[in-house]
Every structure is written in structure tokens, then in C-alpha cells.
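**Q** Below is one structure. I have some questions about it.
The values are calculated or read from the model by the stated rules, or taken from the named source; none is laboratory data. It should be emphasised that the depicted structure is a prediction, and the values quoted were computed from it without experimental measurement. Here the Cβ is made from the backbone with ideal geometry for all residues, glycine too, and neighbour counts use every protein chain on show.
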Amino acid sequence: MASLFAHFFSSKAFSNSFLTKSWPVSKEWKESSLLSTPLLGIDLELTSLQTDVAKITSIAWLEAKAQSINMDSAQYSLVRTSGDLAQSPVIHGLTAKDLAQGEHVSVLVKQLESYSKTHIWVLHNAALDMQVLHKVATSLKLPESYILTLDTMLLELYLLNKAQAPVKQNALTLEECRQRYQLPSAPNHNALDDALASLTLAFAQLHAIDAKGVATIGDLLQSKAFRVFRVGIEGKRNVGKR
């Protein structure tokens, strides 16, 4: 899902309230070193870009820190899904038979919850996946969590604007962004590949901004690439340290 840049700006799939609502970044996060803060690369594959009807077909994530990825932490799971799969069998190669054997989404969302207070979640086009996760968590009546994300798409937009470079059509797809840093081509339409590709892109972007590794999260808030999303039922607290 990470390459779908144009849809981010033009689709009615996103509710205005979700896109415009912003929660503050905590003082503890602001003062955290970018180099030493744990990251979680994450990606969802969906049946639709219309988030009100989208179903998750697969989820993947892996941990990183200090420009190093812990491949032993990699998690890829099919999600048990039925009904209309739209173009998923064609785009992602996942059939109804495959997905019938998948994990229940509640198991995976609860596993992800353990990273909500300890890691910055790294995604390419974060609003899409986070809105779907919020919808799922709400349907499962899970308590609210506040998750700090780094959107590599928005960080690249910030860097292009800062350099006064033109932003052409498709300039912010995951593949196009990676090419600017001479990163190898990454396979599309696999959640783990996209999660890994987003993480390595983030490494390149952050190195371009802060080669000495001294910046804090607060130093980069002006980029608009760091954003806190609420996932789960408002008022039903999941209390944590951040």
C-alpha cells in the first residue's frame, strides 16, 4: 500500500476529522534522540483504499534502532478475511483460501499494541494504514493508544520543498523516493517488503538530515512527518509511560 501517493491527497476514503485531528507529541518523545529511539517499520495490505470498507489481508512489521534493523524481529501474517477481496488476489497474490487460514485480526492488533509506547512507527503514507487500524481497534472495543508515527512520504515532501525541487506526479511513491537515495528497487505488494523498504528509506532520509546523529525528534517536528495518531476507543484508556 505504500506506493499510493496520489490517493492520499485526492480520495474521499479519508475522513476529514481523522486527517485534521492532531494530538500533541509528548515532551519525552520530543527530547528523545532520533538515533537511539526504537523504530517499528510497519505495513498493511488492504482490499480497498476506501477505508470505510477496507479489510486487512496481511500485516508485517520489524524493529530497528540506530540505523540497524533486527531481522529476527520480522513478523509477517496473513489476516483471516472473507467476503469481497476486490483486486487483492491479483495485486497481492492472496486468495480466499490463503486468507481463510490467516490469523484473526484481533490477535495481531493486540500484538502491535505492545509497541505503541516504546517505538516510533515508520510508514509510507501513514494516514491510510493508521485509519484502518483505528477502525479495526474501535470495532474490537480496544482501549485508546496514542502512537507516534514517522511518515517517510511526508518527510520526503518536506525535503523536496526545502530543496525547492519540483514535486512531480508520482514523485512521492516509495519506489521513487528510494531511487533518490540510490537504494535498490524493492518488490511491491508484499507487506514485509514494504515495511523493510520504508525503514531503509527512513534511514537514508534521516542520515541526509542529521548525518552526525545528534538530532532529537523535537528538532524535526517542523517537517510535519511526525504525527501522533489515536487508535482505539476514546476515553477507554490504555495507560502507558509516554
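**Q** Do the conditions hold for residue 98, that is, is it modelled with pLDDT of 95 or more, over 24 Å from residue 28 (Cβ atoms) and not in a loop (DSSP other than H, G, I, E, B)?
**A** In short, no.
**Q** If you don't mind, there's one more thing I want to ask. Please work out which one of (1) buried (at least 18 other Cβ atoms within 10 Å of the Cβ); (2) of a type in the set (A, V, I, L, M); (3) without any contact (Cβ under 8 Å) to a residue 40 or more places away in the chain is the condition residue 220 fails and give its number.
**A** Among (1) buried (at least 18 other Cβ atoms within 10 Å of the Cβ); (2) of a type in the set (A, V, I, L, M); (3) without any contact (Cβ under 8 Å) to a residue 40 or more places away in the chain, residue 220 violates only (3).
**Q** List pairs: first residue in region 109-127 and under 12 Å from residue 228 (Cα atoms) and touching a residue at least 60 places away in the same chain (Cβ under 8 Å), second residue among the basic types (Lys, Arg) and assigned to a loop (DSSP other than H, G, I, E, B) anywhere in the structure, Cβ distance under 8 angstrom, at least six positions apart or on different chains.
**A** Pairs found: 117/241; 117/242.
**Q** Given the condition in contact with a strand residue (DSSP E or B) (Cβ under 8 Å, 6 or more places away or on another chain), at pLDDT below 90 and within 25 Å of residue 138 (Cα to Cα), answer yes or no: does some residue in region 58-79 qualify?
**A** Looking for residues that are in contact with a strand residue (DSSP E or B) (Cβ under 8 Å, 6 or more places away or on another chain), at pLDDT below 90 and within 25 Å of residue 138 (Cα to Cα), one finds none in region 58-79, hence no.
**Q** Return the residues of region 23-43 that are in a strand (DSSP E or B) and either surrounded by fewer than 16 Cβ atoms within 10 Å (Cβ to Cβ) or at pLDDT below 95 (or both); say none if nothing qualifies.
**A** Across region 23-43, the qualifying residues are 23, 33.
**Q** Kindly state which helices (runs of 4 or more DSSP H) lie completely within region 118-215 and contain at least 3 residues that are under 17 Å from residue 40 (Cα atoms).
**A** The helices (runs of 4 or more DSSP H) meeting that bar are 126-139, 152-162, 191-209.
**Q** Scan region 189-206 and tell me whether some residue there is touching a Ser or Thr at 6+ places or on another chain (Cβ under 8 Å), among the aliphatic types (A, V, I, L, M) and without any contact (Cβ under 8 Å) to a residue 40 or more places away in the chain.
**A** Scanning region 189-206 turns up no residue that is touching a Ser or Thr at 6+ places or on another chain (Cβ under 8 Å), among the aliphatic types (A, V, I, L, M) and without any contact (Cβ under 8 Å) to a residue 40 or more places away in the chain.
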